[in-house]
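Enquirer: Have a look at this one before I ask anything.
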Amino acid sequence: MNFGNRIREYAHIGPGIIAVFFLLVQVLVITEHYALVSCLERNKCQFVEGFVTEFTPFFESKNKKESFQVNGKQFAYDESSRGFNTAAVFGGPLHEGVFVRLYFLENDILKIEIPTLPEKISR
């Protein structure tokens, strides 16, 4: 048996290995997603509310992450972040001065609430 025949004999294994790899990646992503959702549902995450300050859009940031603070808690995210990751330029709701209630786990924003405030409370 020459070398060319061996390659053809095992050629069908390559696509199978690639398919298994991508399947494992998908399982990990789905598992991670449900772990974050579970933390939110079981009230295992932290909570902060207040006005967004120190807002820096991702295109103005040196590291291409959108960042801001709420009551002194720093947040930063980009398109690869596990939790919330929609930049303002792409329709994200966060910007300087908006009042928010954030639920988070470590640095991952799990849920954003933007309550309607009475006029006498708003800035």
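Enquirer: Please state which of the following conditions His95 fails to meet, knowing it meets all the rest: (1) surrounded by 14 or more Cβ atoms within 10 Å (Cβ to Cβ); (2) assigned to a loop (DSSP other than H, G, I, E, B); (3) not acidic (Asp, Glu).
Expert: Evaluating His95 over (1) surrounded by 14 or more Cβ atoms within 10 Å (Cβ to Cβ); (2) assigned to a loop (DSSP other than H, G, I, E, B); (3) not acidic (Asp, Glu) leaves (1) as the failure.
Enquirer: Then there's this: Glu49 versus (1) closer than 16 Å to Glu106 by Cβ; (2) surrounded by 12 or more Cβ atoms within 10 Å (Cβ to Cβ): which is the lone unmet condition?
Expert: Result: Glu49 passes all but (1).
Enquirer: Every residue in the stretch 56-91 that is among the hydroxyl-bearing types (Ser, Thr, Tyr) and either assigned by TED's automatic domain parsing to the domain that holds Tyr34 or under 13 Å from Leu102 (Cβ atoms) (or both), please.
Expert: Answer for the stretch 56-91, where residues must be among the hydroxyl-bearing types (Ser, Thr, Tyr) and either assigned by TED's automatic domain parsing to the domain that holds Tyr34 or under 13 Å from Leu102 (Cβ atoms) (or both): just Tyr77.
Enquirer: Check the stretch 54-62 and report whether any residue there is buried (at least 16 other Cβ atoms within 10 Å of the Cβ) and touching a Lys or Arg at 6+ places or on another chain (Cβ under 7 Å).
Expert: Yes; the residues of the stretch 54-62 include at least one that is buried (at least 16 other Cβ atoms within 10 Å of the Cβ) and touching a Lys or Arg at 6+ places or on another chain (Cβ under 7 Å).
Enquirer: Among (1) in contact with a helix residue (DSSP H, G or I) (Cβ under 9 Å, 6 or more places away or on another chain); (2) modelled with pLDDT of 90 or more, where does Val89 come up short?
Expert: Looking at each condition in turn, Val89 falls short on (2).
Enquirer: Of the conditions (1) at pLDDT 80 or above; (2) farther than 19 Å from Leu110 by Cα; (3) assigned to a loop (DSSP other than H, G, I, E, B), Glu54 fails just one. Which one is it?
Expert: Against the list (1) at pLDDT 80 or above; (2) farther than 19 Å from Leu110 by Cα; (3) assigned to a loop (DSSP other than H, G, I, E, B), Glu54 comes up short only on (3).
Enquirer: Which condition from (1) buried (at least 17 other Cβ atoms within 10 Å of the Cβ); (2) outside any strand (DSSP E or B); (3) without any contact (Cβ under 8 Å) to a residue 24 or more places away in the chain; (4) not aromatic (Phe, Trp, Tyr) is the one that Ser67 breaks?
Expert: Looking at each condition in turn, Ser67 falls short on (2).
The values are calculated or read from the model by the stated rules, or taken from the named source; none is laboratory data. It should be emphasised that the depicted structure is a prediction, and the values quoted were computed from it without experimental measurement. Cβ atoms come from the backbone with ideal geometry, glycine included; neighbour counts cover every protein chain shown.
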